[in-house]
Amino acid sequence: MPLPLYGSGSGFVGGSGRSGGGYNGEVSGGEEQSSGDGASRRPNRLIDEKSPYLQQHAYNPVDWYAWGDAAFERARAEDKPIFLSIGYSTCHWCHVMERESFEDPAVAAVMNELFVNIKVDREERPDVDRVYMATVQALTGSGGWPLSVWLTPDLHPFYGGTYYPPDSRYGRPGFPDLLRQLHRAWVEQRGKVLDSGQKIVEVLRSQSKGGGKAAEWLDDGPLDRAFRQLRSSWDPRQGGFGQAPKFPRPSVFGFLQRYHARTGDRGALEMTLDSLRKMWAGGVYDHLGGGLHRYSVDAYWRVPHFEKMLYDQAQLVTALLEAHLVSADLFFADAALDVLDYVERDLRSPGGGFYSAEDADSAPDAAHPDHKEEGAFYLWERAEIEALLGAPATEMVCLHFGVSERGNTISDPQGEFGTRNVLYQAVPIDSVAEQCGSTPDAVRQVIENARLRLLEVRARRPRPHLDDKVIVSWNGLMISAAARAFQILGRPQDLAAARASASFIRNRLWDAENRTLKRRFRDGESRFSAQLDDHAFLILGLLDLYEADFDVAWLEWAETLAEAMLARFVDREGGALYDNPPDPSVLLRTKELYDGAEPSGNSAAALALLRLSWFLDRPEWRERAGAIVSAAGTFLEQAPHAVPHMLQALDFLLAEPVQVVIAGAPGAPDTVRLLETVRGRFMPHRVVLAADGGEGQARLARRLPFLEAVRPAAGSRATAQVCRHYACDLPVSSPDALATALDAAAG
């Protein structure tokens, strides 16, 4: 039962205005930095952190601490509450609150005098973020970043919210006034504050036990209910689900594709294909440089929130590839490759790992003083386009992309866009040709030439901030996407990218001797204990990578990771796995089940264990996966649409997966043709194993004895066998015969 916050947004009686004063915090390194007005600024202790987000705040006049014992000990020693601010480096409203409050010496003086102030990068410490986000969501009904929470010195939350303006507006109290009110409550009403914090922790502990009542049995009822719920919220005119703002949420598409494969319901397929098409026509897609922005602020996919996240790109590539397999429409294949081109060009580190994100804002410079505004890198004035392209091309380009002199941003939440335009497909190529008296091919060529020219000019603008840390979980998603792209579309560079990322993680973030994984790498430092999602997403990526190149080392590492995952995150009482390893500085070990922008660690772990169990004949892992799915019983019964990735695990659990064994020389044309036959079908309940007669097969046969007898015959064509529970049909050597066998297995 949600508890009210202690007081309300401005419920404490407090003073108004801002206190004066300067920054007195201790620093442990760094150099002075110019503030832009000739003054110099001293760094605070965040200067020693590797997080790009914490580095962004390293020159604030706030006496920031990173999360850790030093901050906690000071709070206890000085008997001060803690102000905890959580965000990430590409968070637009985090930047806004920094500019308005954390860079203001007067506001910082109030913070430094009354509180011990801690900054946390939610992408580095999702365990900390989950606890205090759950607090704010339980107490206010919503959440977001920046997350602002006030804690007792023993880390119990007693007040919280998200963004606070410097003065009262948007129905929110002004930040300095709120600081004083909370300090007054701490001094004058300490007992109530401590009691409130304790009650909040008790609620969080009860919520952290998992998804409510476990399912007594599992059937396909939740799949049908989820489909009906999603259908009721689908927007048939604009695609997607619900109204503004619209988020991609790719795991929904994965569920719908599987529901279509299971039931043949065309509605599930149409919702997926139509939504993806509408997204790619909208401004939420970057029509010049590729990749998808975080979400659309309107219902038409027109005006995006301009940040680009690695996890979105990875999941959407997978959704597009599956859409291509089901529909045989090359549009989806081309879109997937376009996103991969963006990621491999702009988000790939020299070492092979994938970076995390690009910001919505870009840094200003003398030529572009307004580029601190959101989306400035991506927006265009019509006059600017005309000056670059000339009159004939401008007419076609502006018609196609909906560019006008007045600007075309139908939603401008902060009044920043003015007469600038976001590019989106306003008029189809054929209609542009008809209106301009040209041919579709000619218009298409004009558009492509213009795209390259605009991209060249845009590249000279100040780029948005790049968050260049490597997160294991998001790299796991990208390994899956790139490996599956190679399987389906055959580009060698995608396989190379998947291998490079997996190798980077193995070399820099995996301790083979102790079988432990770190979460984040940046600037030479591997740090922070990996979470459940890091293990689960990486396992899924390695399974897709094995099916791409059949290097058994990936499969063996996935098995070791699964064993480590279960040992580290298992709840001995059963049910769902913990999201985070034990840590005395984190109040709770949570069990997240909701599938949001990313799948939950539990849904990914269930699917990973299921797939691995069929690769390696580990039936106990099927049982463990079933227990995880069952733990989501309340969701599955009441709101299955909230756990679409868990539904994919349920779908796999209810299926009878097949094993397809390809016996042939690696890379030989006959082997490749059989693989293409398997890979060209959407079969979510199959695993593919290679029997090439080599040392890798021998290692795998120690786990799967039936593989011992499956070998390519010298001088003979490659063969394929379709197996159920490791009992195989007779081998076939022609793609047509294999296609027939696969159809029979799927039917």
Filtering segment 274-323 down to residues that are under 26 Å from ALA450 (Cβ atoms), part of a helix (DSSP H, G or I) and among the charged types (D, E, K, R) yields ARG277, LYS278
Within segment 116-130, the count of residues that are closer than 20 Å to ILE47 by Cα, open to solvent by less than 10 Å² (accessible area, probe 1.4 Å) and not acidic (Asp, Glu) comes to 5
ARG406 meets each of (1) within 31 Å of the chain's Cα centre (by Cα); (2) surrounded by fewer than 19 Cβ atoms within 10 Å (Cβ to Cβ) with one exception, condition (1)
Within segment 637-672, residues being without any contact (Cβ under 8 Å) to a residue 60 or more places away in the chain and assigned to a helix (DSSP H, G or I) number 8
By residue number, the members of segment 205-240 that are of a type in the set (A, V, I, L, M, F, W, C) and modelled with pLDDT under 95 are ALA214, ALA215, TRP217, LEU218
Looking across segment 156-197 at residues that are touching a helix residue (DSSP H, G or I) at 6+ places or on another chain (Cβ under 7 Å) and aliphatic (A, V, I, L, M), the single one that is farthest from ASP121 (Cα to Cα) is ALA185
Exactly one of GLU573, GLU598, GLU623 is of a type in the set (Asp, Glu) and within 20 Å of LEU545 (Cβ to Cβ), and that residue is GLU598
GLY240 fails exactly one of (1) surrounded by fewer than 20 Cβ atoms within 10 Å (Cβ to Cβ); (2) in contact (Cβ under 8 Å) with a residue 24 or more places away in the chain; (3) small (Gly, Ala, Ser), namely (1)
Expected single match for open to solvent by 10 Å² or more (accessible area, probe 1.4 Å) and modelled with pLDDT under 95 among GLU620, GLU563, GLU573 is GLU573
Flagged in segment 140-159 as more than 24 Å from the chain's Cα centre (by Cα), farther than 26 Å from PHE569 by Cα and open to solvent by less than 30 Å² (accessible area, probe 1.4 Å), in numbering order, are TRP150, LEU151, THR152, PRO153, PHE158, TYR159
Has segment 341-352 got any residue that is within 24 Å of the chain's Cα centre (by Cα), open to solvent by 10 Å² or more (accessible area, probe 1.4 Å), modelled with pLDDT of 95 or more and among the hydroxyl-bearing types (Ser, Thr, Tyr)? yes
- Message: Please determine whether any residue of segment 467-480 is part of a helix (DSSP H, G or I), open to solvent by 10 Å² or more (accessible area, probe 1.4 Å) and closer than 30 Å to ALA376 by Cα.
- Response: yes
Expected output for segment 305-329 (first residue over 25 Å from LEU423 (Cβ atoms), partner open to solvent by 10 Å² or more (accessible area, probe 1.4 Å) and aromatic (Phe, Trp, Tyr), Cβ below 9 Å, 6+ apart or cross-chain) is GLU322/PHE682; LEU325/PHE682; VAL326/PHE682
Does LEU194 qualify as being crowded, with 22+ Cβ neighbours inside 10 Å, aliphatic (A, V, I, L, M) and in contact (Cβ under 8 Å) with a residue 40 or more places away in the chain? no
### Message
Any residue at all in segment 694-710 that's aromatic (Phe, Trp, Tyr), open to solvent by less than 40 Å² (accessible area, probe 1.4 Å), assigned to a helix (DSSP H, G or I) and without any contact (Cβ under 8 Å) to a residue 60 or more places away in the chain?
### Response
no
ARG673 vs (1) under 16 Å from TYR546 (Cα atoms); (2) at pLDDT 95 or above: all pass except (1)
Here, helices (runs of 4 or more DSSP H) confined to segment 346-461 with at least 2 residues that are touching a Cys at 6+ places or on another chain (Cβ under 8 Å) and of a type outside the set (D, E, K, R) are 391-401
Exactly one of SER362, SER356, SER296, SER349 is touching a residue at least 60 places away in the same chain (Cβ under 8 Å), farther than 15 Å from ARG484 by Cα and touching a Pro at 6+ places or on another chain (Cβ under 6 Å), and that residue is SER362
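The values are calculated or read from the model by the stated rules, or taken from the named source; none is laboratory data. Only a predicted model underlies this, so the values are computations on that prediction, with no experimental measurement involved. Note that each Cβ is placed from the backbone with ideal geometry, even for glycine, and that neighbours are counted across all protein chains shown. Only protein heavy atoms, including side chains, enter the accessible area calculation; ligands, DNA and RNA are left aside. Shrake-Rupley method; radii C 1.70, N 1.55, O 1.52, S 1.80 Å.
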